[in-house]
1. Can you give me the ranges of the strands (runs of 3 or more DSSP E) entirely in segment 17-90 with at least 2 residues that are farther than 20 Å from residue 107 by Cα?
2. Can you tell me which residue is nearest to the chain's Cα centre (by Cα) among those in segment 60-88 that are closer than 30 Å to residue 167 by Cα and near the ligand (Cβ under 10 Å from one of its atoms)?
3. Provide a single number: the residues in segment 249-266 that are within 9 Å of the ligand (Cβ to nearest atom) and modelled with pLDDT under 95.
4. Among the residues of segment 339-352, is any away from the ligand (no atom under 13 Å from the Cβ), touching a helix residue (DSSP H, G or I) at 6+ places or on another chain (Cβ under 6 Å) and in contact (Cβ under 8 Å) with a residue 24 or more places away in the chain?
5. When the residues of segment 267-298 are filtered to those that are more than 10 Å from the ligand (Cβ to nearest atom) and under 17 Å from the mean Cα position of the chain (by Cα), which remaining residue is modelled with the highest pLDDT?
6. I'm checking my understanding of the structure. Among residues of segment 97-116 that are part of a loop (DSSP other than H, G, I, E, B) and within 16 Å of the ligand (Cβ to nearest atom), which one is surrounded by the most Cβ atoms within 10 Å (Cβ to Cβ)?
7. Identify, from the list 45, 91, the residue that is at pLDDT 95 or above, near the ligand (Cβ under 9 Å from one of its atoms) and assigned by TED's automatic domain parsing to the domain that holds residue 284.
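The values are calculated or read from the model by the stated rules, or taken from the named source; none is laboratory data. Keep in mind it's a predicted model, so treat the numbers as computed, not measured. Please note: Cβ atoms are built from the backbone with ideal geometry, for glycine as well, and neighbour counts cover all protein chains shown.
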Ligand SMILES: Cc1cc2nc3c(=O)[nH]c(=O)nc-3n(C[C@H](O)[C@H](O)[C@H](O)COP(=O)(O)OP(=O)(O)OC[C@H]3O[C@@H](n4cnc5c(N)ncnc54)[C@H](O)[C@@H]3O)c2cc1C
């Protein structure tokens, strides 16, 4: 083997590359995938929270995937990257050198944006996605014991609304009274979606008995309350923080150019604008000139380009250029067997939307699971 390709993070793009590790090996490369654990799929995550899917439905074993193609898996977290020495340093203390590096470590919720949230164990950020499984278990313990915590979801974007709808589903399953509130600074829900879709979602959440407070900014978490910008108290035993995603902090530990929120600055060839040996995809990357939303659909599309460009780099050939799609299908799981789909200005709500989402999501998972027994 003359080259080493290190894949940092088992995100959407790296699942694709790991499943095709054999092709990289055939180009003379050793392939190492580094991730602390399993891949949790956000597409099924809110349904898992609501009780529709199990934790097992939502996971892929990246170790089985990469090993099937002759690669190796290291269960650890990368703490920093030194592009000058072409090395990565693991939280466990080990250092590894690479010829080509690809980073697909996703995003996080910046709890520091709201004082008092970061160190409060009753505040649950929606990332990592495995938090939603832990939250379900936590709430089920309470509900089964007859306790009904006041739950407040902060954030009126697609994630906050989907979480609220599925918390309502969990409450229905347990025939419980658990009070649910959704708070958002914006004066409407899902601000990027068509206005009609936002109104339909508002009515749906109201019908599910979710109290909605639009135009309500949260200034801080204080004791058992959220204090609004206007100084009002909203009592909350549990807070779910869906206040937007920003790139994983690892990209700032590379010494390469980054955008503070969007991530590692990459060009259309999907490598760093300063280093053509360091590729990046998904939520941790900022494609120069495009403010792409932090959505899995972009990482999925970038996957084939990352794989092709790693192969081309190994072969000394020219690299492909990725052009992001202008429109994408977004479908929210509303927790009751219905969904809200949107495609540019078009939208529709109903059982067919959810059916389509379920088919797409299960197909995505099956692609990476059945063949490798994970
Ligand atoms: C509740 C929820 C629902 C969502 N639903 C949708 C949806 O329906 N459709 C959609 O398109 N988007 C959805 N999103 C957005 C979607 O989750 C993200 O855009 C997507 O997960 C980003 O994928 P990624 O491949 O960049 O990284 P991820 O899929 O987040 O994977 C990152 C991987 O990197 C690993 N990692 C992290 N740090 C390190 C490190 N230091 N070293 C090594 N490994 C590391 C993690 O363990 C993880 O396995 C949703 C988000 C949330 C929170």
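1. By residue number, 29-34, 72-74.
2. So the residue we want is 60.
3. 0
4. Within segment 339-352 (the criterion being away from the ligand (no atom under 13 Å from the Cβ), touching a helix residue (DSSP H, G or I) at 6+ places or on another chain (Cβ under 6 Å) and in contact (Cβ under 8 Å) with a residue 24 or more places away in the chain), the answer is yes, since at least one residue qualifies.
5. Taking the candidates together, the pick is 286.
6. 104
7. The unique qualifying residue is 91.
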